[in-house]
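Reviewing the structure listed below.
The values are calculated or read from the model by the stated rules, or taken from the named source; none is laboratory data. No experiment lies behind these values; they were computed from the predicted model shown. Neighbour counts are summed over all protein chains in view; Cβ atoms, including those assigned to glycine, are modelled from backbone coordinates with ideal geometry.
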Amino acid sequence: MGMEASYKSARVSVPVHPRADAEENIAIRYDVRLAGVGGQGLILAGMILGEAAAIFGGLDAVQTQSYAPLVRGAPSMSEVIISDAPIDHPVVERSDLLLALVQDAFDEHAVHVRPGGTIVAEEAAVSLSEAPKGVRLLCLPLARAALESGAPPIAATIVGLGVIARLTQCLSDDAVRQAVLLRVPRDSRETNLAALEAGFRLFEQGSAGG
């Protein structure tokens, strides 16, 4: 089953993304794929990322999702395209960023990350083989960071979202915080924000280490 959501808002000045599509006069373009299994909160994470970009970041974003309804443990995927221009083709063919939470997700999608892109993988669930040529690999303790922040293990996806958001270089931390507050239930706001901050810290540690 697939679904699509499109967000639009007014433009603001943002840093220029390293991958520019000159022929289309697009200065910012990020294709993001979040992959794992049902029950890990990937669809929610994709919505948060899209809304951080469009509602709170002044960019255009399109979010699509693919999952098996009501089946925990079945493959689940959310894709987000972030751009400073209208998005006419809302399909991620080769991603700039991949969040892989399980081995099958890494095995299936790593080969579709473009050179210069980055893979963020859950170290407790993914046994890494070689990454595609020219692709950066960050193997991080997302679930452990979630637990250490006081959040439940499912918040590992929000930790990963914090890492991914930093990697885009075009979203402020506050834009992502506001999108989390917009999307998560009131009684889980504190734990989700704690998990997000843990993701920001992991990004800094991962960058320093590699």
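Okay, here's what the table says:
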{"item": "Check on residue 181, over 16 Å from the mean Cα position of the chain (by Cα), hydrophobic (A, V, I, L, M, F, W, C), under 24 Å from residue 39 (Cα atoms) and not in a loop (DSSP other than H, G, I, E, B)", "result": "yes"}
{"item": "Residue list for segment 113-138, filter: assigned to a strand (DSSP E or B) and either surrounded by 14 or more Cβ atoms within 10 Å (Cβ to Cβ) or acidic (Asp, Glu) (or both)", "result": "113, 114, 117, 118, 119, 120, 121, 122, 136, 137, 138"}
{"item": "Complete set of residues in segment 168-201 that are modelled with pLDDT under 95 and farther than 19 Å from residue 44 by Cβ", "result": "169, 170"}
{"item": "When residues of segment 74-90 are limited to those that are of a type outside the set (Gly, Ala, Ser) and not in a strand (DSSP E or B), the one nearest to residue 176 (Cα to Cα)", "result": "84"}
{"item": "Number of positions in segment 139-148 that are surrounded by fewer than 21 Cβ atoms within 10 Å (Cβ to Cβ) and outside any helix (DSSP H, G or I)", "result": "2"}
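Yes/no matrix, rows are residues, columns are (1) within 20 Å of residue 141 (Cα to Cα); (2) free of Cβ contacts under 8 Å to residues at least 40 places away in the same chain; (3) not β-branched (Val, Ile, Thr):
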| residue | (1), (2), (3) |
| --- | --- |
| 47 | no, no, yes |
| 55 | no, no, no |
| 81 | no, no, no |
| 87 | no, no, no |
| 95 | no, no, yes |
| 112 | no, no, yes |
| 116 | no, no, yes |
| 120 | yes, no, no |
| 126 | yes, yes, no |
